[in-house]
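Peer 1: One structure, as structure tokens, below. Some questions next.
Rule-based calculations on the coordinates, nothing more; no lab input. Being a predicted model, the structure only gives us computed values, none of them experimental. Neighbour counts run over all protein chains shown; Cβ positions are idealised from the backbone, glycine included.
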Amino acid sequence: MGQLLVVISAISWTLLVTGTIGIIGNILTVLVYVKLGFAETINISYVALAVSDLCCILSSMVAGFCYSPAMQALLTHFRLQVDLAKLTNFISVWPQFAFSRTTAFLTAWISLERCLCVLFPTRVRLIITRKVTKIVITAIFFIGCCPAVLAYVDMETGWSFDPNTNTTVLLMFYSSGSDWNIFNGIATMLYSVVYSLLSWIMVTTCTIFLIIRLRQSAKWRSANASAVFGADRNFPNIHRNVNMRENRITKTVVMIACVFIACSLPKSVQSLVVLIWRHEYSAYGSLRSLAELNAGLVLLLGEINSSTNIIFYTITGAKFRSTLKQMFFHKS
């Protein structure tokens, strides 16, 4: 048990450190794309993804802090008692669920948008306009966050005093007297099953399609390089530049999607396990140690997923890279 506490404490501090880096990265992402403008609809989606990732990181950091030695020191200093599992659920886990699923749907939307660009290159600007993008993103945030509200229905808080330990106790409970109600169940079902499967299937399908098209494009360029350069030299350059730009965007989306798939799969499995073995695999069940350890690792993977996008934007985006450099090395 002592070793487990050390591991959980280490994960908590890692969440705080990784989260700080992720916050800086996502804020920079928003600032850069605001400077670049929103003539390209995918820039709007990137900013929305950065905002959702930022909220996801903040909620994960709160969970990490709740299980850190610093939290224990604060409770001892102020002579407070609180059920940390319930506190973390109410102030961190449910918001993290909401924004992680929002991030999942935004990743699915970005992947779908890129697929449409590949399938209908001449008509995509008529299909996906700035207005359509804004409506879809607003709907995604609404759908992603709404179930979390259900988790707070029927919830109450209160205070009591424990004379044996001379401490104040913060009580958090549902007025029905149970730790589980119908609203909680609906929210859990949506986040653990429906949203997870939908987003994962969409992202995986679109990513496989994009990878296949990237390989086909590379083979075509290799096979036709000599023929293209032997013809008119002005048109091929323009055509090549457009293709290179489109391929860079596609590669960015593929990298974002691959990291999402790798980091979100454990969380989806964890959610299903919690749903199936709710009593055993919980903070109060026989598998408490395993549940808490896995929960910490899943949160860490989620933070990594929400913190790495700026790396991909910098690697593949020349404009993003130059704008980012100007922000740090601008000479007045």
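Peer 1: Along the Cα→Cβ direction, 7 angstrom out, place labels at ILE143 and TYR284. What is the inter-label distance in nm?
Peer 2: Simple spin-label model gives 3.4 nm for this pair.
Peer 1: Continuing with this model, one more query. If you average the C-alpha positions of the stretch 100-155 and of the stretch 175-197 separately, how far apart do those two centres end up, in angstrom?
Peer 2: 23 Å
Peer 1: So what are the chain's ellipsoid semi-axes, whole angstrom, largest first, if each one is the square root of 5 times an eigenvalue of the alpha-carbon gyration tensor?
Peer 2: Taking √(5λ) for each Cα gyration eigenvalue gives 44, 21, 18 Å.
Peer 1: Counting only C-alpha contacts under 8 Å and six or more residues apart, can you give the relative contact order of the chain as a whole percent?
Peer 2: On the way: 354 pairs, mean separation 85.0, N = 332.
Normalised by residue count, the contact order of the chain is 26 percent.
Peer 1: Something else: Among DSSP beta bridges whose residues both lie in the stretch 2-329, state the antiparallel percentage, nearest 5.
Peer 2: On the way: 8 of 11 bridges.
Counting only bridges with both partners in the stretch 2-329, antiparallel ones make up about 75 percent.
Peer 1: Shifting gears a bit: Say each of HIS77 and GLU156 gets a label point 7 Å from the Cα, pointing the same way as Cα to Cβ; how far apart are those two points in nm?
Peer 2: Roughly 3.2 nm, to one decimal.
Peer 1: Moving to a separate point now. Mean residue ellipticity at 222 nm from the helices of the chain, using -39,500 (n - 2.57) per DSSP H segment of n ≥ 4 over the full residue count, to the nearest 500 deg cm²/dmol?
Peer 2: Value at 222 nm, helices only: -26000 deg cm²/dmol.
Peer 1: With springs only between Cα atoms under 10 Å apart, run a GNM on the chain and tell me which of PHE65, PHE120, PHE141 wobbles the most.
Peer 2: Among PHE65, PHE120, PHE141, the largest GNM mean-square fluctuation belongs to PHE120.
Peer 1: Positive end of the dipole of the chain, charges at C-beta (+1 Lys, Arg; -1 Asp, Glu), about the Cα centre: which of PHE173, GLN216, LEU150 has its Cα farthest in that direction?
Peer 2: It is GLN216.
Peer 1: Let me ask you something else. What do you get for Rg/Rh over the stretch 78-206 if you use C-alpha atoms and the Kirkwood form of Rh?
Peer 2: Numbers: Rg = 20.7 Å, Rh = 17.4 Å.
Over the Cα atoms of the stretch 78-206, Rg/Rh equals 1.19.
Peer 1: Let me ask something else about it. Are there any helices in the chain, counted as whole DSSP H runs, that stretch 24 Å or more along their axis by Cα and score at least 0.0 on average by Kyte-Doolittle, and if so which?
Peer 2: Flagged H segments are 2-36, 41-66, 94-119, 130-150, 195-230, 234-276, 288-307.
Peer 1: What FRET efficiency would be calculated for the residue pair VAL169, THR14, taking the C-beta separation as r and a Förster radius of 30 Å, to the nearest 0.05? Walk me through the numbers on the way to the answer.
Peer 2: Values: r = 30 Å, r/R0 = 1.01.
That pair, VAL169 with THR14, gives E of 0.50.
Peer 1: How far apart, in nm, are the 7 Å Cα→Cβ label points at GLU40 and ILE21?
Peer 2: 2.6 nm
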